[in-house]
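Bear in mind that the values in this text are calculations on the coordinates, not laboratory data. Source: prediction; values computed, not measured. Virtual Cβ from ideal backbone geometry, glycine too; neighbours counted across all protein chains shown.
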Amino acid sequence: ALLFDSAADADSHAALVVAGLVRERNSGGQRTVLGLPTGSTPIGVYRELIRLHKEEGLDFSNVVTFNLDEYWPMPAEDRHSYHHFMRETFFDHVNLKPENTHLPPGDVPRRDVDAACAEYEAKIRKAGGIDLQLLGIGRTGHVGFNEPGSPPDGRTRFVTLDPLTRADAAPGFFGEENVPLHAITMGVGTIREAKKVLILALGEHKAPVVRSALEDAPTDRVPATLLNGHPDLTYLLDRGAAAEL
Ligand code: GLP
């Protein structure tokens, strides 16, 4: 784990790692495949990447993105959707090609969800797999929406959200009763296949789960622990998130 004095320092570091990889692959004429998270945690990283694009010409025209998850049911146009969040927070401010950005679909009927999940996995595979997966961590220990009980080899699938996750999301939905009960998420198995994984955790409210993620033996009760042992996994922490280590 890397410890930073402030959240801003952790954000800059994450952005520099992403930018370094994109530049290296751009100069070799190769595409970069990024796995991207939502939530409040990565907002500073996206802001920094936008700055690098605008001020230093960081070029996203050869970058392909796959987001971890989306609520279900959730129309892409809904302002609570992760589709909307990604456009507002990142996609609309850099030169990513719209056809190169992907999120799980929240608007397919339930009977078509399993096929849509398989299709999402196929698209990731066809893109050559994820080069760098950026992750946040939920207070339940979830990565993406892989809640406690998720299988270590899980793939993109339909899931039910943990009550704590829904409570944490409530302020953005005018109350918990409006937070969707379900989501579509990449699985722990999907995430584990990323060549490089960065987990960003910021703030004291993440200290207990960060301690557990880093110090507990792998257990599906804390899904982030299922990533431990990945050959290129780094936690980026601010002082608050590292307070219980
Ligand atoms: C959300 C997302 C996760 C995210 C987590 C933490 O529900 N599905 O991918 O990492 O919860 O959110 P935050 O960064 O706002 O603490």
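Annotations for the structure displayed:
- Here His142 clears all of (1) touching an Asp or Glu at 6+ places or on another chain (Cβ under 9 Å); (2) farther than 19 Å from Ile43 by Cα except the condition numbered (2).
- Of all residues in the stretch 80-95 being assigned to a loop (DSSP other than H, G, I, E, B) and within 16 Å of the ligand (Cβ to nearest atom), the one that is surrounded by the most Cβ atoms within 10 Å (Cβ to Cβ): Phe90
- Checklist (1) free of Cβ contacts under 8 Å to residues at least 40 places away in the same chain; (2) under 17 Å from Asp69 (Cα atoms) applied to Gly144, failing item: (1)
- Among the residues examined, Ala122 does not qualify as outside any loop (DSSP other than H, G, I, E, B), small (Gly, Ala, Ser) and touching a residue at least 24 places away in the same chain (Cβ under 8 Å).
- Residues being under 19 Å from the mean Cα position of the chain (by Cα) and without any contact (Cβ under 8 Å) to a residue 24 or more places away in the chain - total across the stretch 197-228: 1
- Cβ separations smaller than 8 Å between residues 6+ apart or across chains give the following pairs from the stretch 159-187 residues that are farther than 30 Å from Ala122 by Cα to residues that are basic (Lys, Arg) and not in a helix (DSSP H, G or I): Leu164/Arg139; Asp168/Arg139.
- Of all residues making up the stretch 13-34, the number that are touching a Gly at 6+ places or on another chain (Cβ under 9 Å) and buried (at least 20 other Cβ atoms within 10 Å of the Cβ): 3
- Thr101 vs. criteria within 16 Å of the ligand (Cβ to nearest atom), buried (at least 17 other Cβ atoms within 10 Å of the Cβ) and on the phi < 0 side of the Ramachandran plot: no
- Residues located in the stretch 27-52, provided they are in a loop (DSSP other than H, G, I, E, B), closer than 16 Å to His84 by Cα and either among the polar types (S, T, N, Q) or touching a Leu at 6+ places or on another chain (Cβ under 8 Å) (or both): Pro37, Thr38, Ser40, Pro42
- In the stretch 165-199, residue farthest from the ligand (Cβ to nearest atom) [restricted to those that are among the small types (Gly, Ala, Ser) and assigned to a loop (DSSP other than H, G, I, E, B)]: Gly175
- Selection count where residues are in a loop (DSSP other than H, G, I, E, B) and in contact with a helix residue (DSSP H, G or I) (Cβ under 9 Å, 6 or more places away or on another chain), scope the stretch 231-245: 8
- So Glu55, is it part of a strand (DSSP E or B) and not aliphatic (A, V, I, L, M): no
- Some residue of the stretch 203-211 being within 15 Å of the ligand (Cβ to nearest atom) and touching a Ser or Thr at 6+ places or on another chain (Cβ under 7 Å): no
- Residue in the stretch 47-60 that is within 15 Å of the ligand (Cβ to nearest atom) and surrounded by fewer than 21 Cβ atoms within 10 Å (Cβ to Cβ) present: yes
- Scope the stretch 202-236; condition buried (at least 18 other Cβ atoms within 10 Å of the Cβ) and in contact with an Asp or Glu (Cβ under 8 Å, 6 or more places away or on another chain); matching residues: Leu202, Ala207, Val210, Val222, Pro223, Thr225, Leu226
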